[in-house]
Amino acid sequence: MKEMSKSSKIREGIFSLAETMIISLFSVSLVFVFLLRTTTITGISMSETLGEGDRVVMTAWYGAPKQGDVVVIDAQHAVTMDESGQLVTSNGFDKYIVKRIIATSGQKIDFDFPKGIVYVDDKVYNEPYISGLTHLDEGAFSGHYPVTVPEGYVFVMGDNRRDSQDSRSYRLGLVPEEDIKGKILMRVYPFRKFGLID
C-alpha cells in the first residue's frame, strides 16, 4: 500500500479542519437562533444593574418564572385590578421591556411607600440591587395593597425605582406569564461590565 503523499495529508487536514469549523459554526448558529438571543437595553429603569446601551444575552428557553429573574416582557397590554379585585385589561406600552420579577403567582406584595419598603408575603424583601427606595405608587391598583398575584401572572419592577414604569403603573400592572419572552443571562457589552446578571 502506498503511503499518502505529504500534500494529500495536508489537504486532508485542511478539509477536516474546515468540516469541524463548519459544524461548530452551524451548532453555534442553532443555539443563537433557537435558545439564545442578544438584545440592547434602552432606558434607565434597570440602572444600576443594566444601563442604556448595554448588550445582553437572553434565553428564550425559559421555564417557570422565579423571584429575582430579570426578564424580557412583551408589554402590549396592561392588567390591573378594579375595586372588587377583578382583573381589567387595557392598552399597555406596546413594546418590549426589561424588568425584575418581584412576586410570582400566589405571593402577596405590599409597600410602605413613605419608608420605601417592599414586602413579599409579609416579609421585607431583600433587594441589594436597587438604586433608590420604592416611594412611588403609579396607580395600577389604586393604592389598594396588599395584592395577591393571581395564578399565571407575575409582579415586576425596575431596579431604578425612581424612574421605572412597572407593575406599580396602570400602564403595565400584572404581567401574564406567557408575555415573558425570555430571561436575561449575561451582559456582553460594555466589555468592562461583562458577566452574569443576578
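The values are calculated or read from the model by the stated rules, or taken from the named source; none is laboratory data. Everything quoted here is computed from the prediction, not taken from an experiment. With ideal geometry, Cβ positions are generated from the backbone for all residues, glycine too; neighbour counts draw on all protein chains shown. Accessible surface areas use protein heavy atoms only, side chains included; no ligands, DNA or RNA. Shrake-Rupley method; radii C 1.70, N 1.55, O 1.52, S 1.80 Å.
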Which numbered condition in (1) outside any loop (DSSP other than H, G, I, E, B); (2) surrounded by fewer than 21 Cβ atoms within 10 Å (Cβ to Cβ); (3) out of contact with any Gly (no Cβ under 8 Å at 6 or more places or on another chain) is the only one that Met186 fails?
(3)
What are the residues in the stretch 113-171 that are over 18 Å from Ser47 (Cα atoms), at pLDDT 95 or above and among the charged types (D, E, K, R), if any?
Lys115, Asp121, Asp122, Lys123, Glu151
Quick count over the stretch 97-147, residues being open to solvent by less than 50 Å² (accessible area, probe 1.4 Å) and acidic (Asp, Glu), is 4
Of the residues Val124, Val175, only one is of a type outside the set (Asp, Glu) and either closer than 28 Å to Val57 by Cβ or touching a residue at least 24 places away in the same chain (Cβ under 8 Å) (or both); which?
Val175
Go through the stretch 59-96 residue by residue and tally those that are part of a loop (DSSP other than H, G, I, E, B), farther than 28 Å from Val188 by Cβ, open to solvent by 30 Å² or more (accessible area, probe 1.4 Å) and in contact (Cβ under 8 Å) with a residue 60 or more places away in the chain.
1
Which of the residues belonging to the stretch 1-44 are β-branched (Val, Ile, Thr), within 30 Å of Ile97 (Cα to Cα), open to solvent by less than 100 Å² (accessible area, probe 1.4 Å) and modelled with pLDDT of 70 or more?
Thr38, Thr39, Thr40, Ile41, Ile44
Criterion first (more than 17 Å from Leu174 (Cβ to Cβ) and either in contact (Cβ under 8 Å) with a residue 24 or more places away in the chain or of a type outside the set (A, V, I, L, M) (or both)) does Tyr153 satisfy it?
no
